[in-house]
Amino acid sequence: MKRRHFFQQAGMLSAGIGMGLSGSLKAATGNVNYKKQPFTVAVNDFKIDFHVPHLKQAVKILHITDTHLWRDDKRGKPYRQFSGRMAGAYNETKHFLTGEATHPEEAFEQTLKIARESNADAITLTGDLFSFPSEAAIEWTMERLDSLDMPYFYSSGNHDWHYEGMEGSLHQLRETWINRRLLPLYKGNNPLMYAEEVNGINMVNIDNSYYEILPEQLTFFQEQVRRGLPMALMMHIPLYAPGRSLGYGCGHPDFKAENDKNYQLERRQRWPEKGHTQTTMDFHREVFNAENLLGVFAGHVHRQTVDWVKGTPQFLTEPNAAGGYLEVNFLPMDHTDLNQVSR
C-alpha cells in the first residue's frame, strides 16, 4: 500500500492538528522557552508534577502504556500461527504495587477507573495496548474507552500491529494492520502523527513503533515546536539517552542489524545493516533542542525510569499489563515560585 493512500484512508492526508476536543478543553498560552525560563518537576512514585511558568490552568493526564491485551475469538483463528506466542505471554501478571495476581483486562479496567475518579483531563495510550491486532481485543477496549467519556490519545507500539512471522516489512505491516484493525482508535487523526491541545498543553503523538522516524513526522514535529505552546511528546519507543540499552532505541547509535538479538524470536524483519536513517537521528536532536518541550513519555521497556537529556525529562511507565500508569499533572507556577527558580 502506498503511503499517500494510507493517509487518505486514515482520514487526514496532511499531518494537521487534531480537532476532536471541545473548545472548553483548549486554552492558548503563547510562545514559551523552557531553556531560558525553566519549569520544575517533582517525581513521587507514579505521580509526576510539572510546575509550568505562564500555564493558565492545571492539566491532569493519565499515561498508560504496554497493556498487552490478548482477548481473541473465532475471527482470530486464521491468524493463530502468527499470534500464538504473544497470546500466551500475559495471561497472568503481578500487580506493580501489591504483587498480587492480576491480568491485562483487569488492570486496564482498574486504571480507567482511576482516571475517572481522579478527574483526569485525558488519557494517553503510548502503544502495545494489544499483544497482536485482535479484533475481539480492539472492540472490547474501544467499548470501555468510549464509555469513559474522556479524551484519549492513542499511538501504536510494535506489538499492536504485529502478527509474528507474517510476511512483509515492518513499515508495510504497520500500515496494513493500522488500516484494517486499529484505525478507529485514532478518531479521524493521522495514525502516524497528530496533536491535540488540552488546557494549553500541546499533546503531540508520534508513531515510532519500529524505531524509525519518517521525514513527514520530523516535519510535523518541527511544525509543533514552531507553534510555541507548552508541549508533551508521546511515543512508544523511548529516545536514546546516554548509558541506556537498545530498548531506548529511537536514535540509539548502536541500533543496527548486528545488535538485533530478538528478530528471530519475534519473527520479524531485522534492523537495518547501517542503522538509523539520518531523519531519525535528526529527530532525536530536534526533540532535545526543542525550547517548548516539557517532556517525553514512552513505554516499551516495561519499567519506570526517568532520564534528563539537555534539560528535558523522558519518563517511561510501568507496564499497564501489571496495573502500571503515571499520573502527570501540569500545574501553573505562581509568580513567587517563578522568581525563586529564576534567581
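The values are calculated or read from the model by the stated rules, or taken from the named source; none is laboratory data. Just so you know, these numbers come straight off a predicted model, no measurement behind them. A quick note on method: Cβ atoms are made from the backbone with ideal geometry, for glycine too, and the neighbour counts reach across all protein chains shown. Keep in mind that these areas ignore ligands, DNA and RNA; they rest on the heavy atoms of the full protein, side chains included. Shrake-Rupley method; radii C 1.70, N 1.55, O 1.52, S 1.80 Å.
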Problem set entry | Euclidean distance between Cα centres, the stretch 54-80 to the stretch 89-130, Å | 9
Seminar exercise, completed: FRET efficiency for residue 262 and residue 31 from the Cβ-Cβ distance with R0 = 45 Å, rounded to 0.05, comes out at 0.60
Problem set entry | Virtual spin-label span in nm between residue 308 and residue 142, 7 Å along Cα→Cβ | 4.3
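Kirkwood hydrodynamic radius of the stretch 181-333 from all distinct Cα pairs, in Å? Walk me through the numbers before you get to the answer.
Values: mean 1/r = 0.0612 Å⁻¹.
One over the average 1/r among Cα pairs gives 16.3 Å for the stretch 181-333.
When Lys and Arg each count +1 and Asp and Glu each count -1, what net charge do the other residues less than 14 Å away from residue 147, Cβ to Cβ, add up to?
Working: positive: 113, 116, 144; negative: 109, 139, 143, 146, 149.
Every neighbour counted, the sum reads -2.
The stretch 227-309: percent of C-alpha pairs farther apart than 16 Å?
Working: 1935 of 3403 pairs.
Within the stretch 227-309, distances greater than 16 Å cover 57 percent of Cα pairs.
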For this session: Express in whole angstrom the spacing between the alpha-carbon centres of the stretch 290-313 and the stretch 152-166.
Result: 21
Exercise. Using a 1.4 Å probe on the protein chains only, how many percent of the accessible area of the chain belongs to carbon and sulfur?
Worked result: 48
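Taking a quarter of the surface of the convex hull around the Cα atoms of the stretch 143-252, what do you get in nm²?
Numbers: hull surface 34.0 nm².
For the stretch 143-252, the mean projected area of the Cα convex hull comes to 8.5 nm².
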Problem set entry | Selection from 287, 272, 253 lying farthest towards where the dipole of the stretch 222-314 points positive, charges on Cβ | 272
Seminar exercise, completed: the chain, convex hull of Cα, quarter of hull surface, nm² -> 16.8
For this session: Using label points projected 7 Å from each Cα along Cα→Cβ, tell me how many nm separate residue 274 and residue 245, to one decimal.
Result: 2.9
For this session: Enter the accessible area per residue of the stretch 25-180 (Å², integer; probe 1.4 Å; all protein chains in place).
Result: 44
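Let me check against my output: what whole-number percent is the relative contact order of the stretch 54-104, with C-alpha pairs under 8 Å and at least 6 apart?
Working: 28 pairs, mean separation 14.9, N = 51.
Once divided by the residue count of the stretch 54-104, the mean separation gives 29 percent.
Among 47-56, 314-323, how do they line up from the highest to the lowest mean number of other beta-carbon atoms within 10 Å?
Details: 47-56: 18.9, 314-323: 24.5.
Packing proxy ranking, top to bottom: 314-323, 47-56.
Charges only on Cβ, +1 for Lys and Arg, -1 for Asp and Glu: so what's the dipole of the chain about the Cα centre, in debye to the nearest 20? If you can, show how the numbers build up before the last one.
Details: 36 positive and 41 negative charges, 148 e Å.
Here the chain has a charge dipole of around 700 debye.
Using the per-residue mean of other Cβ atoms lying within 10 Å as a proxy for protection, in what order, highest first, do the peptides 149-162, 97-110 fall? Show your work: numbers first, answer last.
Working: 149-162: 23.4, 97-110: 15.5.
In descending order of packing, they fall as 149-162, 97-110.
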Problem set entry | the stretch 184-326: relative contact order as a whole-number percent, Cα under 8 Å and 6+ apart | 21
Exercise. In a solvent-free Debye calculation with one equal scatterer on each Cα, what is log10 I(q)/I(0) for the stretch 227-274 at q = 0.19, 0.21, 0.25, 0.27 Å⁻¹, listed in the order of the q values?
Worked result: -0.70, -0.79, -0.98, -1.07
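Take peptides 76-83, 222-229, 131-138 and line them up by average Cβ neighbours within 10 Å, highest first, as a rough protection proxy.
On the way: 76-83: 14.5, 222-229: 16.2, 131-138: 22.4.
Answer by packing, highest mean first, reads 131-138, 222-229, 76-83.
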